Amino acid sequence: MTAPAAFHVRLEVFEGPFDLLLQLIGKHQLDVTEVALSQVTDDFIAHIRAAGNEWDLGQATEFLVVAATLLDLKAARLLPGSEVEDEEDLALLEARDLLFARLLQYRAYKQAAAHLEQRLATQARRYPRSASLEPRFAGLLPEVLLGLGPQEFAALAARVLAPRAEPSVAVDHVHGGTVSVREQTALLQARLRRSGGGSFRALTADCAGTLEVVARFLGLLELYREGLVSFEQAQALGELHVRWTGPTGDEPGPDVGAEWDSATPAEEDA
Amino acid sequence: MTEVPPLPAVLEALLLVTDEPVSAVLLAQIAETTSEQVTEALHALAQEYDARQRGFELREVAGGWRLYTRAELAPYVERYVLDGQQARLTQAALETLAVVAYRQPVTRSRISAVRGVNVDGVVRTLLARGLIVEAGNDPEHGATRYRTTALMLERLGLRSLDELPSLAPFLPDLDDLEDADSP
Amino acid sequence: MTEVPPLPAVLEALLLVTDEPVSAVLLAQIAETTSEQVTEALHALAQEYDARQRGFELREVAGGWRLYTRAELAPYVERYVLDGQQARLTQAALETLAVVAYRQPVTRSRISAVRGVNVDGVVRTLLARGLIVEAGNDPEHGATRYRTTALMLERLGLRSLDELPSLAPFLPDLDDLEDADSP
């Protein structure tokens, strides 16, 4: 799969994977209810790449979940004879429907938010009458009651005085070392070639951190796409077994996973 | 006072001295009449102000009535009350507010599930702005739930939550989403 | 705004947001016209309010113009003021009081900056309720500063300002706020 060399994505302001996905769908002038999600997968992955290591881990996981689903759907489209035949296909259809449903739901709230924004803007232009009493009535005011004790008063003050964050992009980026999907994939290839297979748990047992686990997971998806591995999972969330289905000789395997590593201006071929 | 003054005048006087939305019920108590009559008179006043293009308008917000300057005149009012502008909410805050408004009471994790991102920071912002408040715990998981406030209605210029447009036409069948909602 | 709104409407909007007499000269500046025209329009408005027996009247006092409740309606206004509702402060007033309590002596513009809204009306309310008083001028800008009173302490059940609880335990973890999408 080629990531066009000229693909320069200027990161626009988007909030979360669904927001990004909606923007991309809109850019392709596709209707969200009909869109073949695989068409926007490349763009989506490109955005993730373009962000480099500017990711907040909490955010990144959601993006990766969506990305993985998209890749899966795309892979299914590219594989020959992708009619619904077995449970794997059914699971894929379910994943697609769920993604669609969540996307539609998000879009509904986004539309609602636009409505709220417009209402807020209009209402903010109306200034309320807020006047102190005319002097002749001021003397009549009953004794004032605060209705709260010192602790509640302090809590209120803290709330009001709490510093407002500057409008900015998230600053607590992941500063961990960059993990290369390509390297992790090469490592997996070598290992699987030797052993013939293993559980995902075992394949990631030596990972230094979550990022490496994620990278190996993405690597496995890439290998799956290349037809080099197959997956078996007895039940949802159960142990994931990986089986090597590629050549077993000594010749070097294909370079897989390069398109994840934006740092290296790697091969533009596939 | 020998003669009973006209109800609209009484209401106008009361609206002039209040500094928050006043309910028709309270106005009726003071004016010694029924809240139906008061409500009717308030609607008539609001219409009259609009028809005559007065500089102010009478609006029902957050369960009460209050006088506001007409929106078109904002440039003049802002020239006079310089620091009156309210900070704008970000897209993230708006979307989060929308989810709370339509799904309340709702937990943070449910909002996260809808938006696909962590919403802790935005929820704190909305709390600090007084637009949402905590509303007890989820009976199942014990997580804190949130709801919108009267201030939120006031800022939106809404009488009640019923005035929010229906989401139904846009929403996929919610039953299908049960899994998606509990991360 | 493409069309220039009628002068009376502009004046009404400006009069609505102030509770201190405003001079015709200042109004003319804001409305971008002459003070003669403004004075003429104000007299016309005052007459119209009287003729139509509105609940408010427009009067020129101490060199400025201000909206007042109509004198005949005083009994209703009094009843409203005496009603229990007026004993408590609005949320806006409480929040402003909290800022003064913890930042005193403090100017209005600083309170505005903290609260993000114009606080002139609320400050006057707090002054009228005897909860704050003027406390000299800011040495830099000369703006009036405010501090809380003994009555305020008494209402909180405190003997002195030293007894005000520390804010530290209530302040959110600043790290948590960093990615808050705010104003």
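Over 16 Å from A:Ala190 (Cβ atoms), loosely packed, with under 14 Cβ neighbours inside 10 Å and at pLDDT 75 or above, is that true of A:Glu267?
So A:Glu267 fails the test.
Kindly indicate the residue of region A:126-145 that is in contact with a helix residue (DSSP H, G or I) (Cβ under 8 Å, 6 or more places away or on another chain) and surrounded by fewer than 19 Cβ atoms within 10 Å (Cβ to Cβ) and also farthest from C:Ile132 (Cα to Cα) among those meeting that condition.
A:Arg136
If C:Gln86 satisfies all but one of (1) modelled with pLDDT of 90 or more; (2) not in a strand (DSSP E or B), what's the number of the condition it fails?
(1)
Go through region B:1-49 residue by residue and tally those that are outside any loop (DSSP other than H, G, I, E, B) and polar (S, T, N, Q).
Number of matching residues: 5.
Is one or more of the residues making up region C:145-157 within 11 Å of chain A (Cβ to nearest Cβ) and over 25 Å from the mean Cα position of the chain (by Cα)?
Taking every residue of region C:145-157 in turn, at least one turns out to be within 11 Å of chain A (Cβ to nearest Cβ) and over 25 Å from the mean Cα position of the chain (by Cα).
Looking for whichever is over 18 Å from C:Glu20 (Cβ atoms), surrounded by 19 or more Cβ atoms within 10 Å (Cβ to Cβ), of a type in the set (Phe, Trp, Tyr) and more than 10 Å from chain A (Cβ to nearest Cβ) here; the options are C:Tyr76, C:Tyr80. Which one fits?
C:Tyr76
From (1) part of a loop (DSSP other than H, G, I, E, B); (2) modelled with pLDDT under 80, pick out the condition that doesn't hold for A:Glu88.
(1) is the only condition that A:Glu88 fails.
Name the residue that is nearest to C:Arg155 (Cα to Cα), counting only residues in region C:41-73 that are at the interface with another protein chain (Cβ under 7 Å from one of its Cβ atoms) and not aromatic (Phe, Trp, Tyr).
C:Thr69
Hey, can you tell me all the residues within region A:180-198 that are hydroxyl-bearing (Ser, Thr, Tyr) and either farther than 19 Å from A:Leu240 by Cβ or modelled with pLDDT of 85 or more (or both)?
A:Ser180
Looking only at residues that are assigned to a helix (DSSP H, G or I) and modelled with pLDDT of 85 or more in region C:126-152, which one is surrounded by the most Cβ atoms within 10 Å (Cβ to Cβ)?
Among them, the one singled out is C:Leu126.
State whether the residues of region B:77-89 include one that is at negative phi and of a type in the set (Asp, Glu).
Yes, because at least one residue in region B:77-89 is at negative phi and of a type in the set (Asp, Glu).
Working only within region A:92-125, note down all residues that are under 30 Å from B:Arg79 (Cα atoms) and part of a helix (DSSP H, G or I).
A:Ala113, A:Ala114, A:His115, A:Leu116, A:Glu117, A:Gln118, A:Arg119, A:Leu120, A:Ala121, A:Thr122, A:Gln123, A:Ala124, listed by residue number.
Within the set of pairs 6 or more residues apart or between chains, which connect a residue that is more than 7 Å from chain B (Cβ to nearest Cβ) inside region A:107-133 to a residue that is among the hydrophobic types (A, V, I, L, M, F, W, C) with Cβ atoms less than 6 Å apart?
That search, which allows pairs on different chains as well, returns A:Ser132/C:Ala128.
I'm trying to understand the selection: among the residues of region B:25-40, which are farther than 23 Å from C:Ala93 by Cβ and either crowded, with 22+ Cβ neighbours inside 10 Å or facing another protein chain (nearest Cβ under 7 Å) (or both)?
Residues satisfying the conditions are B:Ala31, B:Val38.
Kindly indicate the residue of region C:83-108 that is more than 17 Å from B:Gly64 (Cβ to Cβ) and within 7 Å of another protein chain (Cβ to nearest Cβ) and also surrounded by the most Cβ atoms within 10 Å (Cβ to Cβ) among those meeting that condition.
For region C:83-108, the residue satisfying everything is C:Ala98.
The values are calculated or read from the model by the stated rules, or taken from the named source; none is laboratory data. If you're wondering where the values come from, they're calculated on a predicted model, not measured in any experiment. No Cβ is skipped: glycine too gets one built from the backbone with ideal geometry, and neighbour counts run over all protein chains shown.
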